[in-house]
Amino acid sequence: MTASLFSFTLQGTALKNRLSALLAQRGDRIFLPEPAGTLREQAGQAFAGADALIFIGAAGIAVRAVAPFLRSKTTDPAVVAVDEQARWAIPLASGHIGGANSLARDIAALLGAQAVITTATDLNGAFALDLWAKANNLHITSWELAKRFTARILAAETLPLKSDYPITGAPPPNIALCRSEDAPFGALVSLYPPQKPWAHLVPQNLYLGIGCRKGAALSAIERAIAGALAQKGLNEKSVAGVGTLALKKDEAALAEVCEKRGWRFSWYAPETLMSLAGEFSGSPFVMAVTGADNVCERAAVQASCGGNLIIKKFASKGVTVAAAARDIVLSFPSALGVKET
């Protein structure tokens, strides 16, 4: 975790230095912004690059400092306030996805303080769909449907959850695992969109294989990716990485498309790709030029560690794209069903 810490008084600064040392000891990267500019300006800079902002002092000061920069619970960093006497650690924003609740608990444990958790699912010991999604690297496609799901869980309803992937552990209360989407409402874990207006959780286990002409434009690669995914109704958020031929490792547009989206970029020797077993759309011409009879399909399977090829070669203006899904196993951690005390 990368955290920026702020304080407003001498006593607060002493606690900030103490907490910084404790967080650093556990391996966190700590930044103590120089007192240059206003607190709001300092908070704005930290918002752009830190995983967490920790304020030692009044919660109201922290709220006013970060308020102009709050955008979304899916992207905002964790914001936690700690009183200068180290009695309370209070998550103020991004409690689940951003990890503020967890960070507040950690800070409380380090300082001998009490975490003040106000999230309804935590207080009621209820299943939190967003927290479970984060723990299993799942992307929620509609926050409105996710909120509806959570509201009904908090109302003590039992809702179905269907997953295309195995789940270890016992399901928490009010969650009924199912094999179909027969019910009017529930939650679905799948690469593919639900048949009904269910909350949809997309796993990040899709790997793209991409081949392209030399000097391919970024826009051409992005259009090809969008076209390939659209064939199966797949969400770009499901993509974890991109594979290609070693010959293409210096293609600037390929590297850029991965960097923009945080995808892992890997490349492979032609003999590595040719060693893969399976049925691929081979081409004698491609074999003669690259040493592999197919780049995109084989690179997708290699990048996914032998995953299932679910999109075969898709060609668009000098770019070829394929996709393979890696097998994953989800889990129900017991901590998600523990009531706050």
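The values are calculated or read from the model by the stated rules, or taken from the named source; none is laboratory data. Quick caveat, the model's predicted, so the values are computed rather than measured. So basically every Cβ, Gly included, is an ideal-geometry build from the backbone, and we count neighbours across all protein chains shown.
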> How many residues are buried (at least 17 other Cβ atoms within 10 Å of the Cβ) and not in a helix (DSSP H, G or I) if we restrict to segment 277-318?
Replying inline: 13
> Taking segment 253-272 as the search range and keeping residues that are in a helix (DSSP H, G or I) and touching a Phe, Trp or Tyr at 6+ places or on another chain (Cβ under 9 Å), which one is farthest from residue 318 (Cα to Cα)?
Replying inline: 259
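What residue, among those in segment 1-50 that are of a type in the set (Ser, Thr, Tyr) and assigned to a helix (DSSP H, G or I), is farthest from residue 76 (Cα to Cα)? Even if it seems obvious, please write down each step before you answer.
Let us first name the residues in segment 1-50 that are of a type in the set (Ser, Thr, Tyr), namely 2, 4, 7, 9, 13, 20, 38.
Subsequent filtering for residues that are assigned to a helix (DSSP H, G or I) retains 13, 20.
On the way: 13: 25, 20: 21 Å.
Across segment 1-50, the extreme among qualifying residues is 13.
Residue by residue, here is whether (1) of a type in the set (Ser, Thr, Tyr); (2) at pLDDT below 90; (3) out of contact with any helix residue (DSSP H, G or I) (no Cβ under 9 Å at 6 or more places or on another chain) holds:
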residue	(1), (2), (3)
66	no, no, no
70	no, no, no
108	no, no, yes
116	no, no, no
132	no, no, no
138	no, no, no
146	no, no, no
150	yes, no, no
>> Can you list residue pairs whose Cβ atoms sit under 7 Å apart, with the first residue in segment 252-264 being surrounded by 12 or more Cβ atoms within 10 Å (Cβ to Cβ) and the second being assigned to a loop (DSSP other than H, G, I, E, B)? Count only pairs 6 or more apart in sequence or on different chains.
In response: 253/216; 253/217
>> Return the residues of segment 103-118 that are in contact with a Leu (Cβ under 9 Å, 6 or more places away or on another chain) and farther than 19 Å from residue 15 by Cα; say none if nothing qualifies.
In response: 117
>> Can you list residue pairs whose Cβ atoms sit under 9 Å apart, with the first residue in segment 307-320 being closer than 16 Å to residue 283 by Cβ and in the same structural domain as residue 241 (by TED's automatic domain parsing) and the second being basic (Lys, Arg) and buried (at least 19 other Cβ atoms within 10 Å of the Cβ)? Count only pairs 6 or more apart in sequence or on different chains.
In response: 320/313
>> Tell me the residue from 61, 56 that is surrounded by 18 or more Cβ atoms within 10 Å (Cβ to Cβ), over 14 Å from residue 100 (Cα atoms) and in contact with a Phe, Trp or Tyr (Cβ under 8 Å, 6 or more places away or on another chain), please.
In response: 56
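Would you pick out the residues in segment 162-197 that are touching a residue at least 40 places away in the same chain (Cβ under 8 Å) and within 20 Å of the chain's Cα centre (by Cα)? Walk me through how you get there before you give the answer.
Narrowing segment 162-197 to residues touching a residue at least 40 places away in the same chain (Cβ under 8 Å): 163, 165-175, 187, 189, 191-193, 197.
If the condition is that a residue be touching a residue at least 40 places away in the same chain (Cβ under 8 Å) and within 20 Å of the chain's Cα centre (by Cα), then 163, 165, 166, 167, 187, 189, 191, 192, 193 are the ones that fit.
Filter segment 210-227 for residues that are in contact with a helix residue (DSSP H, G or I) (Cβ under 9 Å, 6 or more places away or on another chain) and in a helix (DSSP H, G or I) and give the result.
Just the residues of segment 210-227 that are in contact with a helix residue (DSSP H, G or I) (Cβ under 9 Å, 6 or more places away or on another chain), to begin with: 210-222, 225-226.
Of everything in segment 210-227, those that are in contact with a helix residue (DSSP H, G or I) (Cβ under 9 Å, 6 or more places away or on another chain) and in a helix (DSSP H, G or I) turn out to be 218, 219, 220, 221, 222, 225, 226.
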> If we only count helices (runs of 4 or more DSSP H) wholly inside segment 87-153, which ones have 2 or more residues that are under 22 Å from residue 61 (Cα atoms) and assigned by TED's automatic domain parsing to the domain that holds residue 22?
Replying inline: 100-111
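Would you mention how many residues in segment 72-99 are over 24 Å from residue 123 (Cβ atoms), surrounded by fewer than 15 Cβ atoms within 10 Å (Cβ to Cβ) and modelled with pLDDT of 90 or more? Spell out the reasoning first.
At the first step, the residues of segment 72-99 found to be over 24 Å from residue 123 (Cβ atoms) are 75, 84-85.
Cutting the leftovers down to surrounded by fewer than 15 Cβ atoms within 10 Å (Cβ to Cβ) gives us 75, 85.
If we keep only those that are modelled with pLDDT of 90 or more as well, we get 85.
Summing the residues that are over 24 Å from residue 123 (Cβ atoms), surrounded by fewer than 15 Cβ atoms within 10 Å (Cβ to Cβ) and modelled with pLDDT of 90 or more in segment 72-99 gives 1.
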